[in-house]
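Undergrad: Structure incoming, see below.
Only the coordinates and a few stated rules stand behind these numbers; no lab work does. Only a predicted model underlies this, so the values are computations on that prediction, with no experimental measurement involved. Because the Cβ atoms are built from the backbone with ideal geometry, glycine has one as well, and the counts that use them run over all protein chains shown.
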Amino acid sequence: MGSVYKIVEIIGTSEKSWEDAARVAVETASKSIKELRIAEVNKLDIKVEKDGRLTFRAKLDISFKYKK
C-alpha cells in the first residue's frame, strides 16, 4: 500500500548562522509534527535590524506522513 505525504513551508531564525536557523526550524516543527520525514532548505537570507544586528533566516519545506 502506498503512502501520502504533506509538504509545509517553515522559516527558522537565528542570530548565529543559517545552519542554526535551519536546526531551530526542524527541532521546533518536530515537537508538533509527527513522522517528519524530509527537510529541504529552499532559501537563505539575512535580515538586517535597525541596530545593525543580523538575523539569519532559513526557509525550508518539510514533509511528513499522513496517518489513517
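Undergrad: Quick one: divide the alpha-carbon radius of gyration of the chain by 2.2 N^0.38 Å and tell me what you get.
TA: Values: Rg = 14.1 Å, N = 68, 2.2 N^0.38 = 10.9 Å.
In units of the 2.2 N^0.38 Å rule of thumb, it is 1.29.
Undergrad: Right, another one. How many lysine pairs in the chain, separated by 8 or more positions in sequence or lying on different chains, have Cα atoms less than 23 Å apart?
TA: Summing the qualifying lysine pairs gives 24.
Undergrad: In degrees, nearest 10, range 0 to 90: what is the angle between the Cα axis of helix 18-32 and the longest Cα principal axis of the chain?
TA: Once rounded, the angle reads 40 degrees.
Undergrad: Only helical DSSP H runs with n ≥ 4 go in: add -39500 (n - 2.57) per run for the chain, normalise by residue count and round the 222 nm mean residue ellipticity to 500 deg cm²/dmol.
TA: Working: 1 runs with 15 residues, N = 68.
It comes out at -7000 deg cm²/dmol, rounded to the nearest 500.
Undergrad: Dipole of the chain (Lys/Arg Cβ +1, Asp/Glu Cβ -1, origin at the Cα centre): which of Ala21, Val4, Leu44 lies farthest to the positive side?
TA: Working it through, the farthest residue towards the positive pole turns out to be Val4.
Undergrad: Within the chain, report the chymotrypsin sites (Phe, Trp or Tyr not before Pro) that DSSP leaves as loop and that have at most 12 other Cβ atoms within 10 Å. Before the final figure, lay out each step's value.
TA: Working: sites: Tyr5, Trp18, Phe56, Phe64, Tyr66; in loops: Tyr66.
Sites meeting the loop and neighbour criteria: Tyr66.
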